[in-house]
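Laboratory data are not the source of any read-out in this text; all were calculated from the coordinates shown. It should be emphasised that the depicted structure is a prediction, and the values quoted were computed from it without experimental measurement. Because the Cβ atoms are built from the backbone with ideal geometry, glycine has one as well, and the counts that use them run over all protein chains shown.
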Amino acid sequence: MTVHHPVLRALRARLRATAPSPHVRAVWRSLEELADGARFQKLIAEEFPSVSDLALGADRRGFLKLMAASLALAGLSGCDNAEGNHAQEVPYVRQPERMQPGALMRFASITLLDGFANGVTVNTRNGRPLKIEGNAAHPWSRGGTDVFGQASVLGMYDPYRSQSVRFLDRISSWESFRGIATGQFGVLRANGGKGLHLLTGPLTSPTTLAQIEAMRKAYPAMRWYSHAASARTATYAGTRLAFGRPLETRWSFDKARVVVSLDGDFLDPGPHQVGVARDWIEARRASVQHGSLLELHAAASVPSLTSAKADYPVPAGPAALMTLADALR
């Protein structure tokens, strides 16, 4: 077997340079046979003297000793917290209800993205969330999840997550916060909330919106700001032009025979992806059962998930998209 790996070709070239005869072709039956050669070992020793003994002379027993020591050191380094203090695990003084040590428990919950909730189930063990799965009983997600939902469990173990209440960059407590807030809100209530500013992300929760509305009634001069890292201003601007007010788009694929997407990506990652993808799958399957396939035509300037799923994808620039839009009207 002739070795064709680029690194081995370079090594073979160097070995040929030191070979007694330039006409002898270096051919090995295995990589192990090459590594056992005296010239190859000499080359490794010259190139990597610090690891030559490990790479060439480590037997099975020595390798297992080295791996055991490495794992032990890695485990010991993970036993300290950020402050270097050693923590101790102690059993519960009062056992939480329905919790069995080591037993897997599942809870129904939601994951939020841009204010939109996707129903999930959280697998926990000893009170710690471990895995996110879709909730088949949720009317929107219907058992599906996306990458954001799967990764949301990592936020619980983010080392930069705040571990305590802080005030002026110092560790404080909820009791101190309540004491300060009570006095401040007493002054704000007297002047109608002038100077009070509320900053939130996108919200769709009726409960949270009702609480904010109650605050606005109690503090009429309060200003409320909503910020999103990737705002959906284009969607809301389009619905405002079409319907006179900003609305969320809902696709009724079950009522369509042909779907045309012009530089749109309704299957793209976002707060609506789980539910919309499920709507598309169900409508597509229903159309096959009725004998007429629901076709998808997609014209886009860049590839997307929608164009990848399209039956007839067409690459088109902005000018061509305008021409297609005018032709479809």
*Quick one: which residues, 5 or more positions from Trp224 or on another chain, have an amide H under 5 Å from its amide H? H modelled 1.01 Å from N in the peptide plane, none for Pro or chain starts.*
Leu198
_What is the ratio of the Cα radius of gyration of the range 154-272 to 2.2 N^0.38 Å, with N the residue count, to two decimals?_
1.54
_For the range 232-329, size of Cβ-based charge dipole, Lys and Arg +1, Asp and Glu -1, in debye_ = 280
*asked:* Can you list residues from other chains, or at least 5 along the same chain, whose modelled amide H is less than 5 Å from the amide H of Ile110?
replied: Val120
*Among all the lysines, which ones have a C-alpha under 22 Å from Lys194's C-alpha, if same-chain residues fewer than 8 places away are not counted?*
Lys217
